[in-house]
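Q: Okay, handing you the structure first.
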Ligand code: FES
């Protein structure tokens, strides 16, 4: 059983400029992490919801990338502007933000 009700990992991996893989750090990941952390703190949910930065989650082309457990919901292209929506709709409301979901390609 998890200590937290929700645990969010945000890739903040950084690569040198010009690396063909790109990185989430150059796409605003840390601003998203900071905004989400602040929302959790301001709502008094720090004992129930944990937001951590992570290393590369191997989805670099879709950065900035985040994943929410225990449900394992992946987000792509998150920025600081998306933090409030993810917090209100998903973290508090339990409903993932559809427009930001990183979906697996259909198997053929
Ligand atoms: S650099 Fe963020 S997923 Fe790889």
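Q: Considering only residues that are in contact with a strand residue (DSSP E or B) (Cβ under 9 Å, 6 or more places away or on another chain) and either within 15 Å of the ligand (Cβ to nearest atom) or assigned to a loop (DSSP other than H, G, I, E, B) (or both), which ones fall in segment 69-93?
A: 70, 71, 74, 75, 76, 78
Q: Still on this structure: Does residue 39 satisfy the condition of being under 18 Å from residue 91 (Cα atoms), touching a helix residue (DSSP H, G or I) at 6+ places or on another chain (Cβ under 7 Å) and more than 8 Å from the ligand (Cβ to nearest atom)? Write out each step before concluding.
A: Details: under 18 Å from residue 91 (Cα atoms): yes; touching a helix residue (DSSP H, G or I) at 6+ places or on another chain (Cβ under 7 Å): yes; more than 8 Å from the ligand (Cβ to nearest atom): yes.
Against the criterion (under 18 Å from residue 91 (Cα atoms), touching a helix residue (DSSP H, G or I) at 6+ places or on another chain (Cβ under 7 Å) and more than 8 Å from the ligand (Cβ to nearest atom)), residue 39 qualifies.
Q: Within segment 1-24, which residues are near the ligand (Cβ under 10 Å from one of its atoms), under 16 Å from the mean Cα position of the chain (by Cα) and over 19 Å from residue 101 (Cα atoms)?
A: Hits for segment 1-24 are 13, 14.
Q: Further, regarding this structure: Look at residue 72 and say whether it is more than 12 Å from the chain's Cα centre (by Cα), surrounded by fewer than 19 Cβ atoms within 10 Å (Cβ to Cβ) and at pLDDT 95 or above.
A: Values: more than 12 Å from the chain's Cα centre (by Cα): no; surrounded by fewer than 19 Cβ atoms within 10 Å (Cβ to Cβ): yes; at pLDDT 95 or above: yes.
Taking the combined requirement at face value, the residue does not satisfy it.
Q: Looking at (1) more than 9 Å from the ligand (Cβ to nearest atom); (2) farther than 17 Å from residue 5 by Cα; (3) crowded, with 18+ Cβ neighbours inside 10 Å, which one does residue 60 not meet, given that it meets all the others?
A: In the conditions (1) more than 9 Å from the ligand (Cβ to nearest atom); (2) farther than 17 Å from residue 5 by Cα; (3) crowded, with 18+ Cβ neighbours inside 10 Å, residue 60 misses (1) alone.
Q: Condition check: away from the ligand (no atom under 16 Å from the Cβ) and either under 23 Å from residue 89 (Cα atoms) or crowded, with 16+ Cβ neighbours inside 10 Å (or both). Does residue 27 satisfy that? Steps first, answer last, please.
A: On the way: away from the ligand (no atom under 16 Å from the Cβ): no; either under 23 Å from residue 89 (Cα atoms) or crowded, with 16+ Cβ neighbours inside 10 Å (or both): yes.
No: the conditions fail for residue 27.
Q: From 51, 78, 65, which residue is under 11 Å from the mean Cα position of the chain (by Cα), surrounded by 15 or more Cβ atoms within 10 Å (Cβ to Cβ) and touching a residue at least 60 places away in the same chain (Cβ under 8 Å)?
A: On the way: 51 fails: touching a residue at least 60 places away in the same chain (Cβ under 8 Å); 65 fails: touching a residue at least 60 places away in the same chain (Cβ under 8 Å).
Sole residue among the options that is under 11 Å from the mean Cα position of the chain (by Cα), surrounded by 15 or more Cβ atoms within 10 Å (Cβ to Cβ) and touching a residue at least 60 places away in the same chain (Cβ under 8 Å): 78.
Q: Something else about it: Residue by residue through segment 6-24, note down the ones that are without any contact (Cβ under 8 Å) to a residue 60 or more places away in the chain and surrounded by 13 or more Cβ atoms within 10 Å (Cβ to Cβ).
A: Filtering segment 6-24 down to residues without any contact (Cβ under 8 Å) to a residue 60 or more places away in the chain leaves 11-24.
11, 12, 13, 14, 15, 22, 23, 24, listed by residue number.
Q: Quick one: how many residues across segment 6-18 are out of contact with any strand residue (DSSP E or B) (no Cβ under 6 Å at 6 or more places or on another chain) and modelled with pLDDT of 95 or more? Give the steps one after another, and end with the answer.
A: Within segment 6-18, the first condition is being out of contact with any strand residue (DSSP E or B) (no Cβ under 6 Å at 6 or more places or on another chain), and the residues that meet it are 13-18.
If we keep only those that are modelled with pLDDT of 95 or more as well, we get 13-16.
The total comes to 4.
The values are calculated or read from the model by the stated rules, or taken from the named source; none is laboratory data. The shown structure was predicted, so the numbers you read here are calculated from the model rather than taken from an experiment. Note: ideal-geometry Cβ built from the backbone for every residue, glycine included; neighbour counts use all protein chains shown.
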